[in-house]
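The values are calculated or read from the model by the stated rules, or taken from the named source; none is laboratory data. Quantities reported herein were computed from a predicted structural model and do not represent experimental measurements. Cβ atoms come from the backbone with ideal geometry, glycine included; neighbour counts cover every protein chain shown. Each accessible area value is taken on the protein alone, full model and side chains, heavy atoms only, with ligands, DNA and RNA left out. Shrake-Rupley method; radii C 1.70, N 1.55, O 1.52, S 1.80 Å.
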Amino acid sequence: MKIVIDDKIPFIRGAFEPYAEVVYLAGAKTRPEDVKDADALITRTRTACNEALLKGSSVKMIATATIGFDHIDTAWVEANGIEWTNAPGCNSWSVKQYVSAVLCTLAREKGLKFEDLTLGVVGVGNVGTKVAEAARIFGCRVLLNDPPRVRANDFPTIPGVGNDAFTDLDTLVRESDIITLHVPLTKEGEDATWHLFDAARLSGLRKDQILINSSRGPVVDNAALRKVLEKGSVRAAVLDVWEGEPDLDPELVRLLAITTPHIAGYSADGKANGTTMSVQAVARKFGISALYDWKASGVPDPAQPLAFTVEAAGKGLQQVLEEAVLYTYDPHRDSDPLRADLGAFERLRGDYPVRREPTAFTVTLRGGTPAQADAIGRLGFTVK
């Protein structure tokens, strides 16, 4: 058999070589002639898996090592007998870390007190649930919006957040100080998310509100967002995902508080999870039993030590949590290089430095309280 794999998928080299011909290609440059005689594709979001790429090919399965799958024309591939899988939840801890670090950064730069804030989470799947958990640990009031969950009476368990936190989108927007988006990209149906935050909804935001989008770029009308930022109609906005990426609007970038190149889910741990799920899915499809329980290995250490100390004596919970979270990841590490060179978007993604999630770190809390230790532990850290 033959498998074509995106050459930026980490930890995968060597997994299939004993069982198949393996070809590694740049995802955005994969062509019909490259996949014509392939049995499976293992991709990321940069490969458009549609009729133009796949018609007349022998591909029987597509596995994307990502949560998102709007780069796959699922209707066409299913109609043509091609199985597909994504990796739901693979990088949910990574996005939780990203949003937590964004919140901590904004709190420091804008003088925010978590206990005074209401955080609205739009989309309460694997990622949104974890972001809501983090917000409660920080001390925020949390509101949730997820119509499909409500209709299915499928409410996640989030400590400190009851089912009554679910509300309609207009109420969430009206009552939230910070709104963070975690929805898939869909263009049709009653739950369509394309331009969910369109010109009308964006123009209704208040001057004291903050918008964060780390879901899919077109969920927010970028041109309309630029206009409200130009008018000073909102306090701040943060984008990790973009309409038309990798081609960015320079003026919009200039107006944003934090601007990153679609890397919220790019922790090394999240990538390893996505690779693991994809390898296992392809193995099961083609009966490669030796890989049924395969797991990605060799996750590297980050630049900073995995063990660190927080001097907590005399500090409040928010300050202690900020120090712990921002030790693991500072969003300006990714924001500043992108601002300096918008043309480096794809390079910054492709050559992304090692980022480890809080679960990889051990914190020595010196002079802290049991409540502080408990909160740090619930964010995923090992606490001494």
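Observations on the structure shown:
- Directionally averaged shadow of the stretch 310-365, computed from the convex hull of its alpha-carbon atoms, nm²: 4.9
- The modelled label-to-label distance for the pair ASP198/ASP164, using points 7 Å beyond Cα in the direction of Cβ, is 3.4 nm.
- Restricting the stretch 158-206 to GluC sites (Glu not before Pro) that sit in a DSSP loop and have at most 13 other Cβ atoms within 10 Å of their own Cβ leaves GLU188, GLU190.
- Taking all protein chains together and a 1.4 Å probe, the residues ILE158, ILE67 rank ILE67, ILE158 from largest to smallest accessible area.
- Quarter of the Cα convex hull surface for the stretch 1-148, i.e. its orientation-mean projected area (nm²): 11.0
- Solvent-accessible surface of the chain, taken per residue with a 1.4 Å probe and all protein chains present: 42 Å².
- As computed over the chain, the Cα convex hull volume per residue (Å³): 142
- Computed from the C-beta positions of SER58 and LYS295, the FRET efficiency with R₀ = 30 Å rounds to 0.55.
- Sulfur and carbon atoms: percent of accessible area, the chain [1.4 Å]: 49
- Taking a straight Cα-Cα cut-off under 28 Å and skipping sequence neighbours fewer than 8 places away in the same chain, the lysines within cross-link reach of LYS271 are LYS2, LYS8, LYS29, LYS36, LYS60, LYS96, LYS130, LYS187, LYS285, LYS295, LYS384.
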